[in-house]
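Notes to accompany the following structure.
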Amino acid sequence: MALLPVITGLGFITSIGNDRATVLRSLRELRHGFAPFDFLGNPQVPIKVAGTIKDFAFPSLNSRDWRWPVGYAIERETLRSLAPHGLYALCALEQALADAGLARADLTAGSTGLFCASAGSPLLLTNHINQMHATRGMRGDPMGIVSSIAGTLNFNLAAHYKIAGAVCGFVSACASSSHALGYAMDEIRLGRQSRMLVVGAEDMNAESILPFASLRALSTNPDPATASRPFDGRRDGFVGTGGAVALIIEDAALARRRGARIYAELIGWGQAGDGHSVAISHPEGAGLREGMRRALADGHVNPADIDYVNAHATSTTAGDRSEAIALQATFTAGGATPRVSSTKALTGHGLSLAGAMEAAFSALAIAEKFIPGAAHLEEPDPICAGLDLPRTSLDEAPRLVLNNSSGFGGSNVCHVLRSVS
Amino acid sequence: MEPSPSLSSANPAPPANPEDRIRHLPETAQAAFRKFRALGDVTALDPLIFAILENYAPRKPTQPLADVPGSTLLMDTLGFDSLAITEIVFFTEELFEITIANEELIRVRTLDDLRGFIQRKVRDRPSA
């Protein structure tokens, strides 16, 4: 019998909730996680809104000043080398392990691996390099590198949980954690690992988000209720967010043997490049279309079988347009009409975190038998003609869900999730 | 409106105020530092050195380090690892504006070794 990866645990530190129950309510009731945000204390900055992470505080670079929700006991041995998003990730992973009914001792045998995704911490990296310049290279914080560079998540979490299986970080910008999840599926399917921890996370601060304003990719809409509106004709860019999401992936047989709750099966994934631009999606969504085709083929399902698509759509003019065209080519042209929504309307765009976050939302939708609505959508862009974009969340149980992600350089990654057979 | 948590974006970073560096340490340690700065007496630094060690201990010590025998091994007995030692070195370098070379650390194995080492480095620094 073929090995089948399934999702047995979820953990959330997101703008729409720091636990599964809150996230579920936000998705069902379309409660967004946005708030006015003061970027660099400069009122001239035209970006006014972010998907803020509640109950965490990072008032200085000294972790002694950091605050996080009660219930997470974190020793200095662990805290000393974490970035802000590392702290988010640790909390999310603790939730996911508890959700899956796993203890730390269950993770150390070598049959559990860890795949992570983040862009690193520009905040801490900037500080470390500034320190180096200030001392003309004479000294620096010993934790400066391991807390800040891309890979900091896997360095820290692998050490903390004593992971002896496969450990790796993935860097493909906004498709990063989707790559982590896809390759984690392969680790299970190839029999290399029986359990994988998948974590996506990002800092939530000016250093991580504001550079995207230089690309004119961020919304300048100051209204938290409308700044993120994927597929709407008046969209003007994405709203940034951070946080962390963790998923526990196991072989179905192992999950069943130990009586774990299974949220959803991961039956296929695919990826394809646009071969087009460093930062702009292909105008016809070519890579995403091929990524969807490959994911559906991997899962042995037809477009008409998909009940819901969690779109990548970030609320940028060009990106949403490309995805709408790709969705029409994949589905509408063949007469298929899955429900489509982008939950970034509620969360904002979590960058490297996005793919894992939305895979987790998709798993929740399957397990809790609902479809998240297309929040903040009032006047759909005419390019979306033919797409079924429900304005409210629906009490419909999706059996098959497609989760899309796209990143810089035209990296497109798609997963197919299925309700438990 | 949430304030941006970033404090570090000026390039180059301005030198931190020594008082700001020790604000997380117990009042007795802060007082010891001020007394040292006023009088230049390195023997006054003990409470500060113990506080720095406790601050960077990977796991919270089961008893105050001031109550632990000076011959106690930092790594084998107290659970310090090399990363924690490098953090202590960095903090001490920044606080006292001294430079510590890797070779100087090789002989530092016990609490007393470290106390004596820091006292010597601070006493012998060019500006002291």
Relative contact order computed over the stretch A:22-85 (Cα-Cα under 8 Å; 6+ residues apart), in percent:
19
Between B:ILE106 and A:ARG25, the FRET efficiency computed from the C-beta separation at R0 = 45 Å comes out, to the nearest 0.05, as 0.20
Multiplying the sequence separation of B:ASP124 and B:SER71 by 0.36 nm and subtracting their Cα-Cα distance, what value in nm do you get?
16.7 nm
Can you spot the lysines whose alpha carbon is less than 24 Å from B:LYS121's alpha carbon? Ignore those fewer than 8 places along the same chain.
B:LYS35
Exposure proxy check on A:MET1, A:MET204: fewest-to-most Cβ neighbours within 10 Å is A:MET1, A:MET204
Pairwise label distance in nanometres, A:ALA225 with A:SER421, each label 7 Å out on the Cα-Cβ vector
4.8
Segment A:LEU254-A:MET1, extension gain: residue separation times 0.36 nm, minus the distance between their alpha carbons
89.8 nm
Counting all C-alpha pairs of the protein assembly as shown, share separated by more than 38 Å (%)
33
1/(1 + (r/R0)^6) with r = Cβ-Cβ of A:HIS300 and A:SER214, R0 = 41 Å, i.e. FRET efficiency to nearest 0.05, evaluates to 0.45
Report the calculated FRET efficiency for B:ALA38 and A:ALA159 (r = Cβ-Cβ distance, R0 = 35 Å), to the nearest 0.05.
0.25
Rank the residues A:HIS312, A:HIS160 as a footprinting-exposure proxy: fewest other Cβ atoms within 10 Å of their Cβ go first.
A:HIS160, A:HIS312
How much net charge surrounds A:LEU254 when only other residues with a Cβ under 12 Å from its Cβ are counted (Lys, Arg +1; Asp, Glu -1)?
+1
Can you give the Rg to Rh ratio of the stretch A:5-257, both from alpha-carbon atoms, with Rh computed by the Kirkwood formula?
0.98
Pop a pseudo-label 7 angstrom from the Cα along the beta-carbon direction at both B:ARG21 and A:ARG104 and give the gap in nm to one decimal.
3.2
With θ set to phi - 60° and the Karplus curve 6.51 cos²θ - 1.76 cosθ + 1.60, what are the ³J(HN,Hα) couplings of the stretch A:194-205 in order, to the nearest whole Hz, using x for Gly and Pro?
9, 8, 10, 9, 10, 9, x, 7, 8, 4, 10, 7
Cα convex hull of the stretch B:22-123: mean projected area in nm², to one decimal?
6.0
So for the stretch A:192-285, Kirkwood radius off the Cα pairs, Stokes-Einstein at 20 °C and 1.002 mPa s: how many µm² s⁻¹?
124
At 37 °C and a viscosity of 0.692 mPa s, what translational diffusion coefficient does Stokes-Einstein give for the stretch B:21-78, taking Rh as the Kirkwood radius over Cα pairs? Give it in µm²/s as a whole number.
270
If you wrap a convex hull around the alpha carbons of the stretch A:115-252, what volume per residue comes out, as a whole number of Å³?
147
Inter-probe distance in nm under a simple model that places probes 7 Å from Cα toward Cβ, at A:ALA333 and B:LYS60
6.2
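Just so you know, all these numbers are worked out from the coordinates, no wet-lab data involved. It should be emphasised that the depicted structure is a prediction, and the values quoted were computed from it without experimental measurement. Reconstructed Cβ throughout: ideal geometry from the backbone, glycine too, with neighbour counts over all protein chains shown.
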